[in-house]
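The values are calculated or read from the model by the stated rules, or taken from the named source; none is laboratory data. Being a predicted model, the structure only gives us computed values, none of them experimental. Cβ placement follows ideal geometry from the backbone for every residue including glycine, while neighbour counts extend to all protein chains displayed.
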């Protein structure tokens with residue numbers, strides 16, 4: 001299953017990529033393959049913006065605005081005027097989304 | 001005591017409690033087994049049913065000894081949500097290992113990683129506090145779903161420990177270790193099959209039922225309200241079909257949409273939920289006499305219930321494992337104005353109906 005078409009904020013800067021393959025290793029959605037010593041995005045619509053690849057890229061070659069893909073978290077954020085939060089960090093009351 | 005002989009932390013003994021051994025002794029005293037007790041099983045079920053129970057279901061952070069680990073044994077990192085910890089230790093049957101539990105405020109690995117509590121800083125801190133002098137190697141196996149919070153290269157720089165991202169599912173850990181810390185492609189991908197989705201539905205249905213109670217009271221009052229006060233027959237005659245439709249809507253948004261997620265067309269959860277609600281309503285309406293209730297009420301039904309189903313289904317983005325925040329924001333930008341407008345028009349239709357019943361129009 002895939003989410004909305006062409007919406008994920010994922011960007012890959014191939015010129016910085018060393019082909020180490022960490023992104024492909026940590027991605028739970030099989031977004032990356034390594035081809036000719038470079039990471040390649042197979043299908044951006046697979047991306048759920050968890051941010052694992054960008055955080056673990058030691059060469060700063062990936063950008064994604066990571067966050068929780070959770071409607072009640074986003075609505076919470078709108079109401080409180082803060083960041084989207086489902087309260088999973090124990091900061092606020094839990095909205096029970098994850 | 002010579003650490004090379006292994007097994008010094010067996011079931012019967014812990015090493016002498018001197019300064020050198022202090023960390024090992026501390027860990028030795030928090031021994032755990034791979035077995036689940038009855039209360040562990042009950043706890044798992046309650047976690048699926050009650051949010052307040054789940055939020056308190058935690059274990060103290062720190063280092064735990066599973067079986068009889070020694071200085072060469074693997075270290076597995078986990079969250080201090082008790083269900084995460086229990087599933088990990090159960091999947092390590094026959095393996096002597098250390099479990100390093102991070103303080104994630106009782107939240108599971110993936111969500112805590114997203115929020116940053118299962119994160120680089122916490123892992124570095126736990127390694128410094130709990131692993132020094134306990135193991136002679138520099139390997140720590142972190143669940144792959146912890147990767148959104150843990151930057152492996154930063155952990156290595158700060159502690160010297162190499163983070164090995166283990167498989168997504170704990171049940172694959174044995175195969176992963178036996179393959180020399182190599183995960184297959186299948187072990188790296190999250191699945192979201194029928195059963196995965198089904199076990200999540202109680203936590204969708206239960207919060208929706210709270211909304212249903214508010215809805216039910218409002219509906220009974222609106223239908224029952226007469227110049228002479230609340231009239232039971234009036235409340236019940238129209239109210240009962242509308243209570244049934246309300247329940248059906250909860251089911252279509254919180255059960256049918258999640259369970260048939262892959263079969264319902266469109267990628268938007270709001271549209272999927274609306275469609276499911278519309279189909280459920282179209283099937284049930286003739287049996288509940290919706291078309292005989294007059295135009296304002298029939299219009300109300302076909303406007304309100306599919307939209308309510310859409311709203312409830314949208315909440316399932318939180319439990320789904322393929323929805324990103326950009327997509328959710330995009331959906332909400334469109335959906336919220338529609339919901340608000342729909343709510344106003346629905347209310348207006350009820351007022352029109354009510355005025356008609358009271359002979360005022």
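Say whether the condition of being closer than 22 Å to residue B:186 by Cα, at the interface with chain B (Cβ under 10 Å from one of its Cβ atoms) and without any contact (Cβ under 8 Å) to a residue 40 or more places away in the chain is met by at least one residue in the range A:14-22. Looking for residues that are closer than 22 Å to residue B:186 by Cα, at the interface with chain B (Cβ under 10 Å from one of its Cβ atoms) and without any contact (Cβ under 8 Å) to a residue 40 or more places away in the chain, one finds at least one in the range A:14-22, hence yes.
Residues to consider are B:198, B:263, B:245, B:209; find the one that is on the phi < 0 side of the Ramachandran plot, without any contact (Cβ under 8 Å) to a residue 60 or more places away in the chain and in a helix (DSSP H, G or I).
Details: B:198 fails: without any contact (Cβ under 8 Å) to a residue 60 or more places away in the chain; B:263 fails: in a helix (DSSP H, G or I); B:245 fails: without any contact (Cβ under 8 Å) to a residue 60 or more places away in the chain.
The conditions single out B:209.
Residue B:321: at pLDDT 95 or above, within 19 Å of residue B:204 (Cα to Cα) and either within 10 Å of another protein chain (Cβ to nearest Cβ) or over 17 Å from the mean Cα position of the chain (by Cα) (or both), yes or no? So residue B:321 fails the test.
With respect to being at pLDDT below 95 and surrounded by fewer than 21 Cβ atoms within 10 Å (Cβ to Cβ), residue B:352 fits the description.
Mind checking whether some residue in the range B:149-156 is more than 12 Å from chain A (Cβ to nearest Cβ), surrounded by fewer than 24 Cβ atoms within 10 Å (Cβ to Cβ) and touching a residue at least 12 places away in the same chain (Cβ under 8 Å)? For the range B:149-156, residues more than 12 Å from chain A (Cβ to nearest Cβ), surrounded by fewer than 24 Cβ atoms within 10 Å (Cβ to Cβ) and touching a residue at least 12 places away in the same chain (Cβ under 8 Å): absent. Selection within the range B:29-49: residues that are touching a helix residue (DSSP H, G or I) at 6+ places or on another chain (Cβ under 7 Å) and outside any loop (DSSP other than H, G, I, E, B). The member of this set that is farthest from residue B:200 (Cα to Cα) is B:32.
For the range B:234-249, indicate whether the set of residues that are surrounded by 14 or more Cβ atoms within 10 Å (Cβ to Cβ) and closer than 22 Å to residue B:194 by Cα is non-empty. Looking through the range B:234-249, at least one residue is surrounded by 14 or more Cβ atoms within 10 Å (Cβ to Cβ) and closer than 22 Å to residue B:194 by Cα.
Among residues of the range A:56-87 being assigned to a helix (DSSP H, G or I) and without any contact (Cβ under 8 Å) to a residue 12 or more places away in the chain, the one that is nearest to the other protein chains (Cβ to nearest Cβ) is A:74.
Scanning the range B:315-326 for residues that are touching a residue at least 60 places away in the same chain (Cβ under 8 Å), assigned to a helix (DSSP H, G or I) and closer than 22 Å to residue A:46 by Cβ turns up just one, B:316. Here are the criteria: (1) part of a strand (DSSP E or B); (2) crowded, with 16+ Cβ neighbours inside 10 Å; (3) within 12 Å of another protein chain (Cβ to nearest Cβ). Tell me which single one residue A:39 does not satisfy. The failed condition is (3). If the condition is being touching a helix residue (DSSP H, G or I) at 6+ places or on another chain (Cβ under 7 Å) and assigned to a loop (DSSP other than H, G, I, E, B), then the range A:45-55 contributes A:49, A:50. When the residues of the range A:13-36 are filtered to those that are in a strand (DSSP E or B) and touching a helix residue (DSSP H, G or I) at 6+ places or on another chain (Cβ under 8 Å), the one that is surrounded by the fewest Cβ atoms within 10 Å (Cβ to Cβ) is A:33. Evaluate the following for residue B:52: is it part of a helix (DSSP H, G or I) and either modelled with pLDDT under 90 or surrounded by fewer than 15 Cβ atoms within 10 Å (Cβ to Cβ) (or both)? Considered against the rule, which asks whether it is part of a helix (DSSP H, G or I) and either modelled with pLDDT under 90 or surrounded by fewer than 15 Cβ atoms within 10 Å (Cβ to Cβ) (or both), residue B:52 comes out as yes.
Quick test for you: out of B:107, B:173, B:141, pick the one residue that is in a strand (DSSP E or B) and within 24 Å of the chain's Cα centre (by Cα). Spell out the reasoning first.
Values: B:107 fails: in a strand (DSSP E or B); B:173 fails: in a strand (DSSP E or B).
Residue meeting the stated conditions: B:141.
Residue B:234 meets all of the listed conditions (1) part of a helix (DSSP H, G or I); (2) more than 26 Å from the chain's Cα centre (by Cα); (3) under 21 Å from residue B:302 (Cα atoms) but one, namely (3). With respect to the conditions (1) surrounded by fewer than 14 Cβ atoms within 10 Å (Cβ to Cβ); (2) modelled with pLDDT of 95 or more; (3) assigned to a loop (DSSP other than H, G, I, E, B), residue A:9 lacks only one, and its number is (1). Answer yes if at least one residue in the range B:132-142 is touching a residue at least 40 places away in the same chain (Cβ under 8 Å) and within 14 Å of another protein chain (Cβ to nearest Cβ), and no otherwise. For the range B:132-142, residues touching a residue at least 40 places away in the same chain (Cβ under 8 Å) and within 14 Å of another protein chain (Cβ to nearest Cβ): present. Selection of the range B:62-81 for residues being more than 16 Å from residue B:165 (Cβ to Cβ), in contact (Cβ under 8 Å) with a residue 40 or more places away in the chain and in contact with a helix residue (DSSP H, G or I) (Cβ under 7 Å, 6 or more places away or on another chain) yields B:62, B:63, B:65, B:70, B:71.
When you check residue B:286 against the structure, is it more than 14 Å from every other protein chain (Cβ to nearest Cβ), over 30 Å from residue B:144 (Cα atoms) and outside any helix (DSSP H, G or I), yes or no? It would help to see each step written out before you state the result.
Details: more than 14 Å from every other protein chain (Cβ to nearest Cβ): yes; over 30 Å from residue B:144 (Cα atoms): yes; outside any helix (DSSP H, G or I): yes.
Yes; evaluated as a whole, the condition is true for this residue.
Restricting attention to the range B:187-200, the residues that are within 10 Å of chain A (Cβ to nearest Cβ) and more than 20 Å from the chain's Cα centre (by Cα) add up to 0.
Of the residues making up the range B:180-193, one or more are surrounded by fewer than 18 Cβ atoms within 10 Å (Cβ to Cβ), at positive phi and out of contact with any helix residue (DSSP H, G or I) (no Cβ under 7 Å at 6 or more places or on another chain). With respect to residue B:126, is the statement that it is crowded, with 19+ Cβ neighbours inside 10 Å, more than 23 Å from the chain's Cα centre (by Cα) and more than 14 Å from chain A (Cβ to nearest Cβ) true? For residue B:126, the condition - crowded, with 19+ Cβ neighbours inside 10 Å, more than 23 Å from the chain's Cα centre (by Cα) and more than 14 Å from chain A (Cβ to nearest Cβ) - is met. In the set (1) within 23 Å of residue B:85 (Cα to Cα); (2) part of a helix (DSSP H, G or I); (3) more than 10 Å from chain A (Cβ to nearest Cβ), the condition left unmet by residue B:203 is number (3).
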